[in-house]
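Okay, structure first, notes after.
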């Protein structure tokens, strides 16, 4: 086997979350020689400091500026620069790294992801909002700067691995698989009584709270449909979702000649991270191998849009275009937070998102700033959060 052509200088944005932790664990298990340029996290200052002392980056950034004194205290005498705030996160993203893991959760990940793209880095993209809110601009920015965007979501990574750009005109469909989440077999009456603890208990994957709830509502899959449309320049009518409870087939690409190519593997986020890190090479690491003889039956079924309306809502937002996906994403963040805070019920999440989009469309609040689409996304995001808060308050009001 020849020598691998791997990035040497790397940064991890969102280093204390599940994807960030998996990224650093992969580096350790694969024993790759990397220089960590920057680590950035949201609020988990203790874990960030521990990671920094282990990986010795040039800079460690905590987005929550109130935690900066504690970070400085923990890193005192180490020679590692400590910084805080959103601007510092964007600065860390635009540092000299060749490869940047973008795993900051939520709209907060947009600015640093764009900063990394402008710097010409290869962006390993785990931040959905960067594509949902500014997909075409992000991809164009990366290309112009000489970098690239490689998806880390297991579904988009699967498509990326079997999608041949030279044969794109011969692709009939992209088929995203979905586990169905913890409520796959539940009735709507049962889901109406679902608790946050039940929604967070994903059967196959270990993920953060927001994405776990999105998986339970299937909003996560709706967001992935929008991402796939941007990543692979594919119209919505040629992107489908298939429920696959075992999470072994991660997605499929159907070609015009009747061939359907799929990427399979045990559910482990380190596998798509390894793909994004080494592409077009392959990174040897002690990964669990797929043993089909012992995996058991693989099942597939169509999604139920009555029980899981978030998928329909997301497709409608994609069809509406412009900043509608941005508004949908912001409303979903507000609704999920309200559910986790036990202020609304599980079924109220999708209802909140749909009502927010309806009100914004009716009141012409979907900001369309053609000269600065990112600013349009920011305005829409802020407005959607305000409207969604109003919707949540109405749901909480006594009858």
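The values are calculated or read from the model by the stated rules, or taken from the named source; none is laboratory data. Since this is a predicted model, take the numbers as computed values, not measurements. Here the Cβ is made from the backbone with ideal geometry for all residues, glycine too, and neighbour counts use every protein chain on show.
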Q.
Tell me the residue from 134, 87, 83, 108 that is without any contact (Cβ under 8 Å) to a residue 12 or more places away in the chain and not in a loop (DSSP other than H, G, I, E, B), please.
A. 87
Q: Would you mind telling me which numbered condition in (1) outside the structural domain of residue 249 (by TED's automatic domain parsing); (2) surrounded by 24 or more Cβ atoms within 10 Å (Cβ to Cβ); (3) in contact with a strand residue (DSSP E or B) (Cβ under 7 Å, 6 or more places away or on another chain) residue 157 fails?
A: (1)
Q.
Condition first: in a strand (DSSP E or B) and within 23 Å of residue 328 (Cα to Cα). Can you find one or more residues in region 225-240 that meet it?
A. yes
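Based on what the data block shows, is residue 179 in contact with a helix residue (DSSP H, G or I) (Cβ under 8 Å, 6 or more places away or on another chain) and outside the structural domain of residue 106 (by TED's automatic domain parsing)? Steps first, answer last, please.
On the way: in contact with a helix residue (DSSP H, G or I) (Cβ under 8 Å, 6 or more places away or on another chain): yes; outside the structural domain of residue 106 (by TED's automatic domain parsing): yes.
Here the answer is yes, as residue 179 does meet what is asked.
Looking at region 50-71, is at least one residue in the same structural domain as residue 109 (by TED's automatic domain parsing), buried (at least 18 other Cβ atoms within 10 Å of the Cβ), out of contact with any strand residue (DSSP E or B) (no Cβ under 8 Å at 6 or more places or on another chain) and within 12 Å of residue 13 (Cα to Cα)?
Restricting attention to region 50-71, the residues satisfying the condition of being in the same structural domain as residue 109 (by TED's automatic domain parsing) are 50-71.
Narrowing further to those that are buried (at least 18 other Cβ atoms within 10 Å of the Cβ): 51-52, 55, 57-63, 67-68, 71.
The next check asks that each one be out of contact with any strand residue (DSSP E or B) (no Cβ under 8 Å at 6 or more places or on another chain); those that pass are none.
Looking for residues that are in the same structural domain as residue 109 (by TED's automatic domain parsing), buried (at least 18 other Cβ atoms within 10 Å of the Cβ), out of contact with any strand residue (DSSP E or B) (no Cβ under 8 Å at 6 or more places or on another chain) and within 12 Å of residue 13 (Cα to Cα), one finds none in region 50-71, hence no.
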